[in-house]
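The values are calculated or read from the model by the stated rules, or taken from the named source; none is laboratory data. This one's a predicted model, so the numbers in the text were calculated from it and none came from an experiment. Heads up, the Cβs are rebuilt from the backbone with ideal geometry, glycines too, and the neighbour counts pull from every protein chain shown.
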């Protein structure tokens, strides 16, 4: 019988944390190392790719309270010699066979190396062979549907966990929706078909993209826009016009989320007056769009040509409009 297991993996050492590290410290170090060794940042570097996989495996165990406790229990008995003979059989697995449930002892000496043993006890990695040829079960299938009659084991359902990620989008992208490629902190890259008309605080659920088959919830934040402001399903913006345009009225261009559109300015429009562009607002839950509210800002020029100055002087002499006529002297 083999008296020790090879290739013991010190997950704490892999993540560079102490054995009493908090969950926050584990998560912080994992993020830093995952970014450092991510394959996209180290193309063609096999060592970095292997390191990235080790980091992910270590985090999968240490970030889960149940798996970490089981791993710590095993680690207390680890020695280079005599591990199998001094380690008690680990009783962790729930089994179901012929309608009965119970627990099963796992003997370390049954396995050829530590990796196979930890895969069986904690449920990390894929299908492995034990020393006597018995297959342990992968996380990717339901063992109780197997046609074989022997008792097999599955990772406890408690390992399934929903996670949340924050996604910040520009207003134009939130308005249009469509395909968006996002990169998660665990290194995964997902292409998501986003809905149109997203707003800050909205949550989008991605099934089976969490941990252990859980769901991923994307919490949306829409960046402030330099021109547009959302007011419910309406969009607000300001449009500057010249004094001449304000007096005479006419057609001017106004920005919308669909691009520039032409709008009519009535003669004698006031600064601060709001005009409405029907159906040019933001999509609502029912798919109907709100309106765009355009606030007029009359802007006077700071620098004018000599010809313009002469015309303004002449206008001042002949104009009949007296805005201060009601002032009492």
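Worth pointing out:
- Scanning segment 231-284 for residues that are in contact (Cβ under 8 Å) with a residue 24 or more places away in the chain, in a loop (DSSP other than H, G, I, E, B) and closer than 22 Å to residue 198 by Cβ yields a count of 7.
- Residue in segment 206-219 that is surrounded by 13 or more Cβ atoms within 10 Å (Cβ to Cβ), modelled with pLDDT under 95 and touching a helix residue (DSSP H, G or I) at 6+ places or on another chain (Cβ under 8 Å) present: yes
- Within segment 305-326, the set of residues being under 57 Å from the mean Cα position of the chain (by Cα) and part of a loop (DSSP other than H, G, I, E, B) comprises 305, 323.
So that you can scan it fast, the table gives a plain yes or no per residue for (1) in a helix (DSSP H, G or I); (2) more than 24 Å from residue 189 (Cβ to Cβ); (3) at pLDDT below 80:
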{"residue": "7", "(1), (2), (3)": "no, yes, yes"}
{"residue": "24", "(1), (2), (3)": "yes, yes, no"}
{"residue": "75", "(1), (2), (3)": "yes, yes, yes"}
{"residue": "79", "(1), (2), (3)": "no, yes, yes"}
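- Yes/no for residue 218 being under 30 Å from residue 190 (Cβ atoms), touching a strand residue (DSSP E or B) at 6+ places or on another chain (Cβ under 8 Å) and outside any loop (DSSP other than H, G, I, E, B): yes
- Only residues that are in contact with a helix residue (DSSP H, G or I) (Cβ under 9 Å, 6 or more places away or on another chain) and modelled with pLDDT under 85 were counted in segment 39-62, giving 3.
- Test: residue in segment 169-180 that is at pLDDT below 80 and closer than 24 Å to residue 213 by Cα: no
- Residue count for segment 239-263 satisfying the condition of being surrounded by 11 or more Cβ atoms within 10 Å (Cβ to Cβ), farther than 24 Å from residue 174 by Cα and either in the same structural domain as residue 174 (by TED's automatic domain parsing) or under 46 Å from the mean Cα position of the chain (by Cα) (or both): 5.
- Here residue 302 meets each of (1) in a loop (DSSP other than H, G, I, E, B); (2) free of Cβ contacts under 8 Å to residues at least 40 places away in the same chain; (3) surrounded by 13 or more Cβ atoms within 10 Å (Cβ to Cβ) with one exception, condition (3).
- Failed condition for residue 168, given (1) without any contact (Cβ under 8 Å) to a residue 40 or more places away in the chain; (2) more than 27 Å from residue 68 (Cβ to Cβ): (1)
- Which listed residue is surrounded by 11 or more Cβ atoms within 10 Å (Cβ to Cβ) and either more than 22 Å from residue 177 (Cβ to Cβ) or modelled with pLDDT of 95 or more (or both), from 268, 272: 268
- From the list 109, 101, the one residue that fits, being modelled with pLDDT under 85 and touching a helix residue (DSSP H, G or I) at 6+ places or on another chain (Cβ under 9 Å), is 109.
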